[in-house]
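Please read the structure below before turning to the comments.
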Amino acid sequence: MKKLTIIASLMALSATTFAQTWSVDKAHSKIGYSVVHMGLSDSEGNFKAFEGKITASKADFSDAVFEISADVNSLNTENEMRDKHLKSPDFFNAEKFPSITFKSSSFKKVSGKNYKVSGDLTLHGVTKPVTFNVVFNGTATNPMSKKETAGFSFSGTIKRKDFGIGAEMPATMLGEDVTLRASGEFTKD
């Protein structure tokens, strides 16, 4: 029995030893959203300041844990007046809720390069489980840095009112569904 316990401990230790951390390459990554304005057009924004990392021990990332955060104060819609309004208590309330975070709980292959990632999204002080579509674009050695790099594209839809965003804004003015998008490269540490 003692031998079995030692072997199990060594196996657990070796699994931990092989876990790799991948950090987001901010120069080749972005996080953004779009929402329909007045039923006429998409209003888009992105976050200029963000962090991201992946921890995985398998080459296909099937055991990956994604941790991503964005600084709400870095919101940019290419319109300074709108940015100020979106950061106000009417919408994101950046002063009270300065960050958006996502931590995955599962990453499952659907087919080919298509995956589903599920986890907890915290936005505007509200945490809810969400699932996003992911395309794993593969890995390559970056010719400049000589580091192994992995590429991913994420997309999914949330209901803004589920997170208390623009709760007083009627759906005829601002769509209820918000499409979240992110794409990026992660470099093995």
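The values are calculated or read from the model by the stated rules, or taken from the named source; none is laboratory data. Not measured: the values here are computed from a predicted model. Here Cβ is always computed from backbone atoms with ideal geometry, including for glycine, and neighbour counts include all displayed protein chains.
Please verify whether the range 45-53 includes one or more residues that are under 28 Å from Ser106 (Cα atoms), surrounded by 17 or more Cβ atoms within 10 Å (Cβ to Cβ), charged (D, E, K, R) and out of contact with any helix residue (DSSP H, G or I) (no Cβ under 7 Å at 6 or more places or on another chain).
In the first step, residues of the range 45-53 are kept if they are under 28 Å from Ser106 (Cα atoms); the result is 45-53.
Okay, now just the ones that are also surrounded by 17 or more Cβ atoms within 10 Å (Cβ to Cβ), so 45-47, 50, 52.
This time we only want the ones that are charged (D, E, K, R), so: none.
No - not one qualifying residue is present in the range 45-53.
Could you list, in sequence order, the residues of the range 157-189 that are assigned to a strand (DSSP E or B), within 20 Å of Gly125 (Cβ to Cβ) and either among the small types (Gly, Ala, Ser) or over 18 Å from the mean Cα position of the chain (by Cα) (or both)? It would help to see each step written out before you state the result.
Taking the range 157-189 and keeping what is assigned to a strand (DSSP E or B), we get 157-159, 174-188.
Filter once more, so that each one left must be within 20 Å of Gly125 (Cβ to Cβ): 158-159, 174, 176, 178, 180.
Of everything in the range 157-189, those that are assigned to a strand (DSSP E or B), within 20 Å of Gly125 (Cβ to Cβ) and either among the small types (Gly, Ala, Ser) or over 18 Å from the mean Cα position of the chain (by Cα) (or both) turn out to be Leu174, Glu176.
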Selection count where residues are in contact with a helix residue (DSSP H, G or I) (Cβ under 8 Å, 6 or more places away or on another chain) and more than 18 Å from Gly32 (Cα to Cα), scope the range 96-144: 2
Tell me, yes or no, whether the range 133-147 has at least one residue that is at pLDDT below 95 and of a type in the set (Ser, Thr, Tyr). yes
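Can you go through Ser41, Ser23 and tell me which one is exposed (fewer than 11 other Cβ atoms within 10 Å of the Cβ), of a type in the set (Ser, Thr, Tyr) and modelled with pLDDT of 95 or more? I'd like the intermediate steps shown before the answer.
Working: Ser23 fails: exposed (fewer than 11 other Cβ atoms within 10 Å of the Cβ).
Selected residue: Ser41, the only one of Ser41, Ser23 that is exposed (fewer than 11 other Cβ atoms within 10 Å of the Cβ), of a type in the set (Ser, Thr, Tyr) and modelled with pLDDT of 95 or more.
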Among (1) modelled with pLDDT of 95 or more; (2) exposed (fewer than 13 other Cβ atoms within 10 Å of the Cβ); (3) of a type outside the set (S, T, N, Q), which single condition is Tyr115 missing? (2)
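On the given criteria, is Phe92 assigned to a loop (DSSP other than H, G, I, E, B) and buried (at least 20 other Cβ atoms within 10 Å of the Cβ)?
Working: assigned to a loop (DSSP other than H, G, I, E, B): yes; buried (at least 20 other Cβ atoms within 10 Å of the Cβ): yes.
Criteria met by Phe92.
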If a residue must be among the polar types (S, T, N, Q) and touching a residue at least 60 places away in the same chain (Cβ under 8 Å), how many such residues does the range 140-153 contain? 1
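Restrict the check to the range 72-87 and report whether at least one residue is of a type outside the set (S, T, N, Q) and in a strand (DSSP E or B). Don't jump to the end; show me each part of the working.
Within the range 72-87, the first condition is being of a type outside the set (S, T, N, Q), and the residues that meet it are 72, 75, 78, 80-87.
Retained after the next criterion (residues that are in a strand (DSSP E or B)): 75.
Yes, because at least one residue in the range 72-87 is of a type outside the set (S, T, N, Q) and in a strand (DSSP E or B).
Determine which member of the set Ala59, Ala64 is surrounded by 12 or more Cβ atoms within 10 Å (Cβ to Cβ) and within 16 Å of Thr21 (Cα to Cα).
Working: Ala59 fails: surrounded by 12 or more Cβ atoms within 10 Å (Cβ to Cβ).
Going through Ala59, Ala64 in turn, the sole match is Ala64.
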